[in-house]
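Contents: one structure, followed by commentary.
The values are calculated or read from the model by the stated rules, or taken from the named source; none is laboratory data. Because the structure is a prediction, the values reported are computed rather than measured. Cβ atoms come from the backbone with ideal geometry, glycine included; neighbour counts cover every protein chain shown.
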Amino acid sequence: MRKILLFFLIALLINASCLPARAGEAVFFIPQWLPQAQFAGYYTAYEKGFYKARGLEVKILKGGPDFPVSELLADGQADFGTMFLTTAIVKRAQGYKFINIGQMVQRSALMLVAKKSRGIKTPADIQNQSVGLWGAEFAIQPLAFFRQHGLKVKIIPQSSTMNLFLRGGVALASAMWYNEYYQIILAGVNPDELTTFLLSDYGLKFPEDGIYCLESTYQKDPQRAHNFVQASLEGWQYAFSHPEEALDIVMKYANAAQVATNRVHQGWMLARMQDIILPPGSKIPLGCLEEETYLQVARELKKNGLIHMVPDFSRFHIDCRSNCRSGNEK
Amino acid sequence: MKNSGLATRLTFFILASTAVIFVLALAYNYYFSRSTIMAEVTTDARNLALATGNKIETLLQGVEKIPRSLAAIMEERPYSRKELVRLIKRLLVNNPEIYGISTSFAPFTFDPKSYYFAPYAYRGLGKIKVTFLGSNTYRYFFLDWYQIPTILQTPLWSEPYYDEGGGNIIMSTFSQPFYREREGKKEVWGVVTADVNLMGLKDLVAAVSIYQSGYAFLISQNGIFVTHPDKRLIMRESIFSVAAARHDPELRRIGRDMIRGGHGFMPVNDFVSGKKSWMYYTPLGSTGWTLGVIFPEAELFANVQRLSERLMFIGLIGLAFLGVVITLLARSITKPLRTLARSTAALGHGDFSVTVPESGARETRQLAQSFNALGEQLTEYMAKRDFIRDTFGRYVTQEVVKRLLESEEGLALGGETREVTLLFSDLRGFTALTADMDPEQVITFLNRYLEKMIEVLLEYRAVIDEIMGDGILAFFGAPEPLEDHPARAVACALAMQEAMEEINALNAADGLPLLEMGIAVNTGTVVVGNIGSERRTKYSAVGADVNFAARIESYALGGQVVIGPFTYQRVKDMIEVGSFIQAQMKGFPEATLYEVRAIHGPFNLRLQERREILQPLKGDLRVNIYRIQNKIITGPTITAEIIQLGENVAVVRFTGELAAWEDVRLHLLDADNLEIPGKIYGKVTAVAAGEGDLREAHISFTSVPPESRTIIQAALEGEPQA
């Protein structure tokens, strides 16, 4: 009897609804791209021991085009990974049981860039121009933007480089504000020679990077997921308050992966990550995904035929900012 | 500087000017050498860059030729898949500088059923392999090497990239589009590509060396370093990322010019070391890439720097040497000047004997000569001045001379009213005495007397107003105020009388007659000052009291000092008076005169008692008496009998007229009543009535010639007359 009482007491104390995190077991994490400041928070959390402090033996896998996060998560090679919200919704709609356990990037960094010399200064100037677009999810916002402004454009599939744009092969190009935009700058084009259309400025918020895992992964050990998200958030906060240290960490990983980048570029990227993870004036808490935003994104995806049904938000997102509560409610 | 010496100034200004000239020359030399070197180096760097660029271009153009020719062949006629593969394989075999060749067709254009068609021959491990590009994961239509040239419809070199196969091989692909006619329109059919391993270029670029550490590098059209001695930059950094990291907008500006096909010679900081460097850059033909040649400025100007440093060193030594020389020179100039300054100061203090050495530079020598001449002239002038003063001083006292010499006002005409004591002296019977003497004797006689008297007068600080023959007018109490001028005058008079003893002793030795001097002293208020005209002035006293004193003098007998009542009032407590004289002088009220015998107090002088004892004469001695008025004999000759005789006094009995204080001349008579040669001068001191019409007169002798003296002596000793 006494033992039973004690058990209940302990269970109450440790929040019996969550199973205790299993210490010592490796946790595999995969970012959706090669090592760069886009993932500074995770590398920093790892290097500063924030994961370890929460009893997580995290192993960060090398991401990149050859390692699609959805596949690695699906076949269990990785426990956690980052994906664009759009990607994740599409995958969810396709039947992957991915859940969002932490929304990092609150606003979209996707933009259209044009050279002023081509006479493009306002959205109206884009009419009948050639536009370089990346595939699938990356095209959704620009297409919504064109619809918004009643623009007809000639879409040119855009490669992973900005060379087509730089050589004048397209009038506009897609660019991530934190990456390709600055590549253009670092290829000798001055900011004042460019017109940019940051799509989130046109009501297309489209939150991007979030942390995902399989529903089953979460259910097996919710506390582990919570711990992972919380350590990651701490990592981001640390990276933003110690940018030079964070850059040292990022460059270490980038150099190890032989990523052709440089510190200036990564510095720019980290600063922009802060702009989109903690947008100035935003009321959305770090790591949180709002249903309204989710629905806007999902509707746009549906409109573009990328999904046929909008996955249920309550089953898609679990707020892991605090010690697992929302997850347990389901 | 204001208070610095000539040597300091000279050293400072010459050294400063020389240093300025030297620095200017050095700077000119430095900048001239620099610009010369700059010009040479610009040429060198340009030539070097162009030569290297040419080599690279030749190589790349060789590569370009293959796709260009192949593209032309492709447009000729359709080739079968087999033919194409054989063609590209053969081309690759024959062109070892090419890594891979492809003929990549647009979708469905080679085979309407096939989306992709792109045979690719490449160098595998040791042998040439062929593969067909295009898959869902390799959609070549959307890769730069295909997409850009087809959209732009122009052949071009791709941005360098790392070889897909891994490793550190940097590649670039030259893509040549080929076209076909379709419904009368020319359209892109595909591209022929040739891949080049840029590692070969790297060696070519690395072979460039300029100065010690100068090197060449290659940047792509995006500004990315393709080759650079520092591997960390390659494919990672661009010239713009370096500029951004350094916050160097100028480097960014240069970078923009570089990727736009510009060329130039620019100062930059080395991309790695940050050292101040120079860069020449030139575009590499059709690639859009830029070749840069960079070398540190320090090396560029090392020789100029070294030369300048040496020149600076030599210059500093030169300046130091110059400084020493100037200092020595300046000292040699200033030393005589300092000596001169000291000597001039000494001269100023009255040492006219100082001289300076007449040596050194001509100007210094001349200055020294002038100075020495000045000294001599001053000595001469002072000698003259002393002579003048001394000469002058014979007649006037030092006091007057001093006053005249020292103040300009002293020479001003005009006067002041002063109380002074006047002194008159005169030799008794001098004119008559000297009448028979020859002139030279007279001068000797007179000078001996005057010299002594003046000496005494000056000793008592008298101002000698006038010397008229044997008469002297002097006064005390002006210009130098003397409190005790009455006593001083009296004492002086007594001293003068005393001095007469000395003169008479000398005169006697020379056989000259005995001299008797009478002195009158009177105190009164007179006007003193420079009297006369501009040309001739004298410090003199005028006034009634001067005349009064002169009058008193006629009452003084030989050897006597007679003072007036005013003097008496001032000195009565310190003098001994011999006799009183009630004098009735023309134009003056009756006055009592006093014959002074001695003065007490600080002067303490006493006249020698004179033997004035009269003795009755036993024998008969007669004299002729001539009355003298204004030095002229007047009235009848009186023959009188000497009834009593002293050495200088006689009582005579006579008939006729004689008045008291009358001047007389006596001639002793011999037994035959003939006049014995020898004129005795004297003064009647008293006249009394005798028996009947006979009268008796007291006569004091003022001058007795030697021959007469003998007779008188004999008479006094009772000897019979000769």
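Within the stretch B:225-237, is even one residue of a type in the set (S, T, N, Q), within 24 Å of B:Trp157 (Cα to Cα) and within 14 Å of chain A (Cβ to nearest Cβ)? No, the conditions are met nowhere in the stretch B:225-237. Of all residues in the stretch A:250-269, none are closer than 28 Å to A:Gly95 by Cβ and either of a type outside the set (Lys, Arg) or modelled with pLDDT under 90 (or both). Among the residues of the stretch B:265-293, those that are at positive phi and more than 12 Å from chain A (Cβ to nearest Cβ) comprise B:Gly274, B:Gly285. Cβ-Cβ distances below 8 Å connect the following pairs, each with a first residue in the stretch B:189-209 that is hydrophobic (A, V, I, L, M, F, W, C), a second residue that is surrounded by fewer than 18 Cβ atoms within 10 Å (Cβ to Cβ) and in a strand (DSSP E or B), and a separation of six or more residues or different chains: B:Trp189/B:Tyr179; B:Trp189/B:Arg180. Considering the stretch A:277-330, and only residues there that are polar (S, T, N, Q), in contact with a helix residue (DSSP H, G or I) (Cβ under 9 Å, 6 or more places away or on another chain) and in a loop (DSSP other than H, G, I, E, B), the residue that is modelled with the highest pLDDT turns out to be A:Asn304.
The single condition from (1) under 27 Å from B:Lys572 (Cβ atoms); (2) touching a Leu at 6+ places or on another chain (Cβ under 7 Å); (3) crowded, with 23+ Cβ neighbours inside 10 Å that B:Val546 fails is (3).
Just to verify a result, which residue in the stretch A:89-108, among those that are of a type in the set (A, V, I, L, M) and more than 19 Å from A:Ala144 (Cα to Cα), is farthest from the chain's Cα centre (by Cα)? Spell out how you get there, then give the answer.
Of the stretch A:89-108, the ones of a type in the set (A, V, I, L, M) are A:89-90, A:93, A:99, A:101, A:104-105.
Those left that are additionally more than 19 Å from A:Ala144 (Cα to Cα): A:93, A:99, A:101, A:104-105.
Values: A:Ala93: 18, A:Ile99: 14, A:Ile101: 12, A:Met104: 6, A:Val105: 6 Å.
This residue is A:Ala93.
In this structure, is A:His226 part of a helix (DSSP H, G or I) and either within 14 Å of another protein chain (Cβ to nearest Cβ) or of a type in the set (A, V, I, L, M, F, W, C) (or both)? No. Applying the set (1) touching a residue at least 40 places away in the same chain (Cβ under 8 Å); (2) in contact with an Asp or Glu (Cβ under 9 Å, 6 or more places away or on another chain); (3) more than 24 Å from B:Val571 (Cβ to Cβ); (4) not hydrophobic (A, V, I, L, M, F, W, C) to B:Gly471 leaves exactly one unmet item: (3).
The selection criterion, being of a type in the set (Gly, Ala, Ser) and either closer than 30 Å to B:Ala25 by Cα or touching a Phe, Trp or Tyr at 6+ places or on another chain (Cβ under 8 Å) (or both), does not hold for B:Ser359. The number of residues in the stretch A:267-285 that are surrounded by 19 or more Cβ atoms within 10 Å (Cβ to Cβ) and over 17 Å from A:Leu110 (Cα atoms) comes to 1. Whether any residue in the stretch A:43-57 is touching a His at 6+ places or on another chain (Cβ under 9 Å), modelled with pLDDT of 85 or more and surrounded by 24 or more Cβ atoms within 10 Å (Cβ to Cβ) is what I want to check. Within the stretch A:43-57, one or more residues are touching a His at 6+ places or on another chain (Cβ under 9 Å), modelled with pLDDT of 85 or more and surrounded by 24 or more Cβ atoms within 10 Å (Cβ to Cβ). Residues in the stretch B:626-642 that are farther than 16 Å from B:Asn673 by Cα and in a strand (DSSP E or B): B:Arg627, B:Ile628, B:Gln629, B:Ile632, B:Ile633, B:Thr634, B:Gly635, B:Pro636.
Let me confirm something: among B:Val63, B:Val130, B:Val85, which residue is touching a residue at least 40 places away in the same chain (Cβ under 8 Å), touching an Asp or Glu at 6+ places or on another chain (Cβ under 8 Å) and not aromatic (Phe, Trp, Tyr)?
Details: B:Val130 fails: touching an Asp or Glu at 6+ places or on another chain (Cβ under 8 Å); B:Val85 fails: touching an Asp or Glu at 6+ places or on another chain (Cβ under 8 Å).
Result: B:Val63 is the single residue among B:Val63, B:Val130, B:Val85 that is touching a residue at least 40 places away in the same chain (Cβ under 8 Å), touching an Asp or Glu at 6+ places or on another chain (Cβ under 8 Å) and not aromatic (Phe, Trp, Tyr).
Taking the stated definitions as given, is A:Met162 touching a strand residue (DSSP E or B) at 6+ places or on another chain (Cβ under 7 Å), buried (at least 22 other Cβ atoms within 10 Å of the Cβ) and closer than 20 Å to B:Ala244 by Cα? Yes. The criterion of being touching a residue at least 12 places away in the same chain (Cβ under 8 Å) and closer than 25 Å to B:Leu284 by Cβ does not hold for B:Arg34.
Within the set B:Tyr594, B:Tyr626, the sole residue that is among the aromatic types (Phe, Trp, Tyr) and over 21 Å from B:Ile519 (Cβ atoms) turns out to be B:Tyr626. When B:Ile643, B:Ile628, B:Ile613 are checked against the criterion of being out of contact with any Gly (no Cβ under 7 Å at 6 or more places or on another chain) and over 16 Å from B:Ala660 (Cα atoms), a single residue qualifies: B:Ile643. For first residues located in the stretch B:536-561 and assigned to a loop (DSSP other than H, G, I, E, B), partners that are surrounded by 21 or more Cβ atoms within 10 Å (Cβ to Cβ) and of a type in the set (Val, Ile, Thr) and lie 6+ apart or on another chain with Cβ distances below 8 Å form the pairs B:Gly543/B:Val526; B:Tyr555/B:Val562; B:Ala556/B:Ile519; B:Ala556/B:Val562; B:Leu557/B:Thr702; B:Gly558/B:Thr702; B:Gln560/B:Ile519. Residue count for the stretch B:167-206 satisfying the condition of being within 14 Å of another protein chain (Cβ to nearest Cβ) and among the polar types (S, T, N, Q): 4.
Among the residues of the stretch B:506-533, count how many are more than 30 Å from B:Lys572 (Cβ to Cβ) and in a strand (DSSP E or B). Final tally of qualifying residues: 4.
Being exposed (fewer than 13 other Cβ atoms within 10 Å of the Cβ), in contact with a Phe, Trp or Tyr (Cβ under 9 Å, 6 or more places away or on another chain) and farther than 30 Å from B:Asp510 by Cα holds for only one residue in B:Thr639, B:Thr634, and it is B:Thr634.
Which residue, of B:Thr364, B:Thr355, B:Thr327, is in contact with a helix residue (DSSP H, G or I) (Cβ under 6 Å, 6 or more places away or on another chain) and not in a helix (DSSP H, G or I)? Can you show your working first?
On the way: B:Thr364 fails: not in a helix (DSSP H, G or I); B:Thr327 fails: not in a helix (DSSP H, G or I).
Going through B:Thr364, B:Thr355, B:Thr327 in turn, the sole match is B:Thr355.
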